[in-house]
Each structure stands twice: as C-alpha cells, then as structure tokens.
Number of protein chains: 2
Amino acid sequence: MSKVRVSSFAISLDGFGAGPGQDLQHPIGVGGLALMDWFFHTRTWRRMHGHPDGETGIDDDLATRGLAGIGAWILGRNMFGPVRGPWRDGSWKGWWGDEPPYHTPVFVLTHHPRAPLAMTGGTAFRFVPDGIHAALRQAKEAAGDRDVRIGGGVSTIRQYLEAGLVDELHLAARPVLLGAGEPLLAGLDLPALGYDVAEHVVGVRALHVFLRRRA
Amino acid sequence: MSKVRVSSFAISLDGFGAGPGQDLQHPIGVGGLALMDWFFHTRTWRRMHGHPDGETGIDDDLATRGLAGIGAWILGRNMFGPVRGPWRDGSWKGWWGDEPPYHTPVFVLTHHPRAPLAMTGGTAFRFVPDGIHAALRQAKEAAGDRDVRIGGGVSTIRQYLEAGLVDELHLAARPVLLGAGEPLLAGLDLPALGYDVAEHVVGVRALHVFLRRRA
C-alpha cells in the first residue's frame with residue numbers, strides 16, 4: 001500500500017537536521033553538508049550524478065531503498081530554494097539545475113502562488129499555497145500506488161510528524177556536530193505521537209533508524 | 001597524561017540522556033534503561049555482575065575502555081540517588097548495594113554536606129558541597145596519574161562541558177526514542193565550546209562517537 005515516508009534524512013549527534021543561515025552558498029545551512037556526507041559516498045548518489053564509482057554496502061542499500069517506489073515528493077519552500085517571500089521574476093527553479101533528481105511531481109509548500117514548472121526528466125514542480133494537508137492530498141493522488149516522500153526540510157517534516165501523517169521515517173544518525181541550526185526532533189514526543197523504532201541498521205557512516213507509526 | 005572524561009554515556013535518537021521522573025523504581029528516569037541496553041549485553045558488564053557470559057566486539061571493547069585507567073569518579077547528586085534535599089538519616093548509600101562498581105574515590109556533587117562513606121571494594125563516596133570546580137580539584141588529586149571520569153547524570157555533564165573542563169566525551173548514540181526526559185546536548189554549542197568529533201566507531205547496538213576538546 002502507498003506510504004507517506006521520510007527517507008535518508010540525516011541528523012547530527014546534537015540533533016540538527018540542517019545548519020543555521022541557509023543561503024545560496026549554503027543550501028543546508030552553514031555546516032549542513034556534513035549531514036549528507038554519508039550519502040555523497042554511495043554508489044547510488046555517484047551514479048545519479050554520472051560517476052561510475054561510489055561505495056556499496058548498507059549505506060548505499062538504504063540510499064537506493066529511499067529512492068525506490070516514489071510517485072511524488074513534497075518539499076518545503078526553503079528546501080526548494082533560498083528565495084523568501086513572493087517569487088519575483090520566477091527565475092529560481094530549484095537547486096538542481098535543468099534536470100532535478102526527482103523525476104516525479106514535486107509539491108512545494110509555499111504561501112505564495114506560482115505557476116507549475118516542468119523540468120527535464122519528468123520532474124514537475126507544483127506550488128501549493130493551501131497547507132500541508134492539501135499538498136499531501138495532491139501528492140497522494142499523483143503518486144497512485146507508489147509512495148509519497150516528504151523530502152524536507154526540517155520544518156516540513158516536523159509539521160507532518162506533528163499531524164501524524166508520516167507512516168515511516170528513516171533517519172541517518174551521523175557522527176558529526178553542528179552546534180547550531182534546525183533541531184529535527186526537539187520538543188516532539190514521538191512515542192506520544194504514535195511512533196516507535198521499528199528497525200535499526202548500522203552503516204559505515206551513519207546509524208540508520210526506521211521509525212513507524214503504530215496502526 | 002591524566003584526562004577528565006565522560007565515557008559510555010548513551011543518548012537516545014531524540015537526544016535524551018535520561019528519561020523523565022527519576023525515582024527509586026526508575027534510576028535513569030522512565031524508559032531510561034533503554035539507553036543502557038547496549039551496555040547490559042557486553043561481557044564487561046556481565047562479568048562485573050558475576051556472570052560468565054556476555055557479548056564481545058566493539059560495544060564490549062568500548063565498555064572496557066571506558067572503565068580502564070580511572071582514578072576517581074564524579075557523580076551528580078541524582079546519579080547517586082533519588083533522595084532530594086538534606087540527607088536525613090543517611091541510610092541511602094547509592095543504587096549499587098554494599099559493593100559499588102567504582103572501586104575508587106567517588107565525588108558526589110551536593111548542596112548538603114555529608115560525612116564520607118566507605119564501601120566494600122574500595123569505593124569511597126565523598127560529598128562535595130562547594131561546586132564542580134572544587135569537586136574536580138579533589139578528584140584530580142585523588143586520581144593522580146589516572147583519569148577522572150564524570151559519570152553523570154545529564155546536568156552534571158552539561159555543567160562540566162559548559163565550563164570546558166571535559167577533555168574527552170564518548171557518547172553511545174542509541175537507536176531508541178524516549179520522547180521526554182533530560183536532553184544532553186540541547187542548547188550547547190559544542191564546536192563553539194571547543195569540541196570536535198575525533199573518532200567514531202560503529203557498534204552493534206550503538207554508534208560510538210568520541211568528542212575531544214581542542215588543545
């Protein structure tokens with residue numbers, strides 16, 4: 001059955017899912033790339049970017065698993081870009097160039113309406129100004145039998161967790177310190193929200209933990 | 001050279017170093033034993049408690065390393081026991097029975113003076129009412145060439161980290177959720193306090209991370 005999931009989302013030892021001060025030079029905030037430094041080594045990521053190499057093993061298996069079977073994505077406005085407020089000239093088309101790595105409809109949460117944006121390779125950005133429930137409804141419809149992946153960022157994932165709308169959450173706990181940034185789980189009582197640890201798998205560069213919502 | 005260190009201290013995926021509501025039945029707070037559930041499986045811990053079995057491997061190696069070369073311990077009042085305020089009849093002698101697992105002088109931080117307490121097996125509890133610096137001074141003197149281990153709990157470790165007095169911190173990041181309790185690192189900017197990740201080692205039941213203070 002189609003699931004709503006968060007996959008391959010990294011948190012630092014001190015609990016941050018992004019660094020502070022996101023801008024054009026720091027898509028995941030200052031120091032935030034260290035969160036992704038398990039993913040960047042995987043064959044999955046390297047192939048996505050046209051390189052024939054990359055590591056195999058548990059981290060790579062989970063990176064692949066996170067990308068399989070997805071029919072639609074949901075992203076927060078800030079994960080789509082550093083532009084704030086109205087979209088101005090509409091020249092910002094995401095961090096990913098002409099061919100973003102999604103290849104599905106991607107629903108972007110925003111308070112500011114904008115026309116859909118079709119990219120090379122099947123990625124279709126659609127801007128949803130009427131909230132997380134509306135975005136999820138549209139994403140589920142677009143995904144059909146496949147899963148909806150909530151890509152991030154931190155604020156978006158927290159909103160969907162608080163609303164009890166995430167079925168499965170795969171976190172990659174990373175042995176890095178950020179010191180400041182956006183805490184992913186602080187103040188969320190996940191067991192009270194219905195989440196338990198279903199599984200954990202030890203990788204080379206991360207401790208992978210799968211949380212699932214109780215039926 | 002003698003070091004001040006925290007070893008084998010577990011934190012949950014959601015950042016807690018102890019559960020909420022510590023009392024006689026819940027020495028590490030409600031749900032807190034899940035934090036220790038890597039340590040309980042090690043041969044190191046099993047042997048400390050008279051059992052011939054237990055698992056070997058990375059988790060066990062690090063449990064042993066955490067206990068080696070220690071000349072004195074420092075504990076917070078609540079790690080010593082659930083009694084609050086004045087010591088009343090002095091009948092509380094720690095969680096550990098007649099022969100505690102320390103076998104060294106143990107300096108207990110407290111606002112309430114109390115006479116020293118000599119236990120079987122070399123553990124000698126000494127109660128220090130004049131603050132963390134005084135306790136560390138006394139512990140270093142007692143430890144001589146050996147290390148001072150700050151056993152916990154959360155509040156004590158945070159105070160020593162904030163004062164920049166910990167040389168090495170070994171955290172066991174555990175794939176468990178507590179939902180509530182005492183956050184170990186929230187609000188502490190460890191890189192700004194001078195700490196970096198020096199090493200990480202992947203165990204079976206925990207991701208072990210070693211933080212060291214820059215010289």
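Only the coordinates and a few stated rules stand behind these numbers; no lab work does. The structure presented is a predicted model; accordingly, all values stated were derived computationally and were not measured. Cβ atoms come from the backbone with ideal geometry, glycine included; neighbour counts cover every protein chain shown.
Counting only other chains, and only Cβ atoms inside 10 Å, what mean value do you get across the residues of A:209-215?
Working: counts 7, 1, 4, 0, 0, 0, 0.
Partner-chain Cβ atoms within 10 Å, mean over residues of A:209-215: 2.
For B:His112, place a label point 7 Å from Cα along the Cα-to-Cβ direction in every copy; what are the distances to the other copies, in nm, shortest first?
6.0
Explain nothing, just the number: dipole magnitude of the range A:1-152 about its Cα centre with +1 on each Lys and Arg Cβ and -1 on each Asp and Glu Cβ, in debye rounded to the nearest 20. All intermediate terms of the calculation are to be shown ahead of the outcome.
Values: 16 positive and 15 negative charges, 110 e Å.
That gives a dipole near 520 debye.
Just add up the charged neighbours of A:His111: K/R +1, D/E -1, any other residue whose Cβ is under 13 Å from the Cβ of A:His111.
Values: positive: A:Arg77, A:Arg84, A:Arg114; negative: A:Asp130.
Summing Lys/Arg as +1 and Asp/Glu as -1 gives +2.
Taking 2.2 N^0.38 Å as the expected size of a compact globular protein, what ratio does the Cα radius of gyration of the range A:81-132 give against it, to two decimals?
On the way: Rg = 10.7 Å, N = 52, 2.2 N^0.38 = 9.9 Å.
For the range A:81-132, the normalised Cα radius of gyration comes out at 1.08.
At 222 nm, what value in deg cm²/dmol follows for the protein assembly as shown if DSSP H runs of at least 4 each add -39500 (n - 2.57) and the sum is divided by all its residues, to the nearest 500? Walk me through the numbers on the way to the answer.
Values: 10 runs with 82 residues, N = 430.
So the calculated ellipticity at 222 nm is -5000 deg cm²/dmol.
Which lysines, if any, have their Cα less than 28 Å from the Cα of B:Lys3, not counting same-chain residues under 8 positions apart?
Those lysines meeting the cut-off are B:Lys93, B:Lys140.
Specify whether the C-alpha gyration tensor of chain A places it in the rounded, prolate or oblate class, a ≥ b ≥ c being the square roots of the eigenvalues: rounded for a/c under 1.5, otherwise prolate if a/b is larger than b/c and oblate if not. Each step should come with its number before you reach the end.
Values: a/c = 1.29, a/b = 1.18, b/c = 1.09.
In terms of gyration-tensor shape, rounded.
Summarise the partner chain shielding of B:184-194 as one whole number: the mean count of Cβ atoms from other chains within 10 Å of each residue's Cβ. Don't skip to the answer; put the middle values down first.
Values: counts 3, 8, 5, 3, 3, 5, 6, 7, 3, 2, 0.
The mean count of partner-chain Cβ atoms within 10 Å per residue comes to 4.
Pick out, from A:Trp95, A:Ala134, A:Phe9, the residue whose Cα sits farthest towards the positive end of the charge dipole of chain A, with +1 on the Cβ of Lys and Arg and -1 on the Cβ of Asp and Glu.
Final value for the positive-end residue is A:Ala134.
With a ≥ b ≥ c taken as the square roots of the eigenvalues of the C-alpha gyration tensor of the range B:50-167, please select rounded if a/c is under 1.5 and otherwise prolate if a/b is larger than b/c or oblate if it is not? Don't jump to the answer; show the numbers that get you there.
Numbers: a/c = 1.72, a/b = 1.26, b/c = 1.37.
Oblate.
If you take each beta carbon of peptide B:11-18 and count the beta carbons of other chains within 10 angstrom, what is the mean? Kindly include the intermediate steps, with their values, before the conclusion.
On the way: counts 4, 3, 12, 14, 8, 1, 0, 0.
Counting Cβ atoms of other protein chains within 10 Å of each residue's Cβ and averaging gives 5.
Tell me, what ³J(HN,Hα) does each residue in the range A:13-20 have, in order and in whole Hz, if you take phi through Karplus 6.51 cos²θ - 1.76 cosθ + 1.60 with θ = phi - 60° and put x for Gly and Pro?
4, 8, x, 8, x, 7, x, x
Can you give the alpha-carbon Rg of the protein assembly as shown over 2.2 N^0.38 Å, where N counts its residues?
Working: Rg = 24.2 Å, N = 430, 2.2 N^0.38 = 22.0 Å.
That works out to 1.10 for the protein assembly as shown.
Once phi is turned into ³J(HN,Hα) by the Karplus curve 6.51 cos²θ - 1.76 cosθ + 1.60 with θ = phi - 60°, what whole-Hz value does each residue of the range B:122-127 show in order, with x for glycine and proline?
Ordered by residue, 3J(HN,Hα) equals x, 5, 10, 6, 10, 9 Hz.
Quick one: label points 7 angstrom along Cα→Cβ at B:Asp61, distances to the other copies in nm, smallest first?
Once sorted, the set of distances for B:Asp61 reads 2.2 nm.
Give the long-range amide H neighbours of A:Ile11: residues separated by 5 or more places, or on another chain, with amide H under 5 Å away, using H modelled in the peptide plane at 1.01 Å from N.
The list, which skips near neighbours in sequence, is A:Ala172, A:Ala173, A:Arg174.
Let's see if you can work this out: charge +1 on each Lys and Arg Cβ, -1 on each Asp and Glu Cβ, no other charges. What is the dipole magnitude of the range A:104-215 about its Cα centre, in debye to the nearest 20? Write out the running numbers ahead of the final one.
On the way: 12 positive and 11 negative charges, 48 e Å.
The dipole of the range A:104-215 has a size of about 240 debye.
I need the peptides A:133-143, B:187-197 ranked by packing, meaning the mean over residues of other C-beta atoms within 10 angstrom, with the highest value on top.
Numbers: A:133-143: 17.8, B:187-197: 16.1.
Top of the packing list down: A:133-143, B:187-197.
What ³J(HN,Hα) values, in whole Hz, does the Karplus curve 6.51 cos²θ - 1.76 cosθ + 1.60 give for the range A:40-56 when θ = phi - 60°, with x put for Gly and Pro?
4, 8, 6, 4, 3, 5, 4, 5, 4, 10, x, 9, x, 9, x, 7, 9
Specify whether the C-alpha gyration tensor of the range A:163-215 places it in the rounded, prolate or oblate class, a ≥ b ≥ c being the square roots of the eigenvalues: rounded for a/c under 1.5, otherwise prolate if a/b is larger than b/c and oblate if not. The partial results should precede the final answer.
Numbers: a/c = 2.85, a/b = 1.29, b/c = 2.22.
Note, shape of the range A:163-215 comes out oblate.
Would you mind checking which residues have amide H under 5 Å from A:Lys3's amide H? H placed 1.01 Å from N; only 5 or more apart, or other chain.
Under 5 Å from the amide H of A:Lys3 lie the amide H atoms of A:Asp147, A:Val148, each far enough along the sequence or on another chain.
Please report the net charge: other residues with Cβ closer than 15 Å to the Cβ of A:Pro175, K and R +1, D and E -1.
Details: positive: A:Arg174, A:Arg205, B:Arg174, B:Arg212; negative: A:Asp14, A:Asp37, A:Asp59, B:Glu168, B:Asp196, B:Glu199.
Summing Lys/Arg as +1 and Asp/Glu as -1 gives -2.
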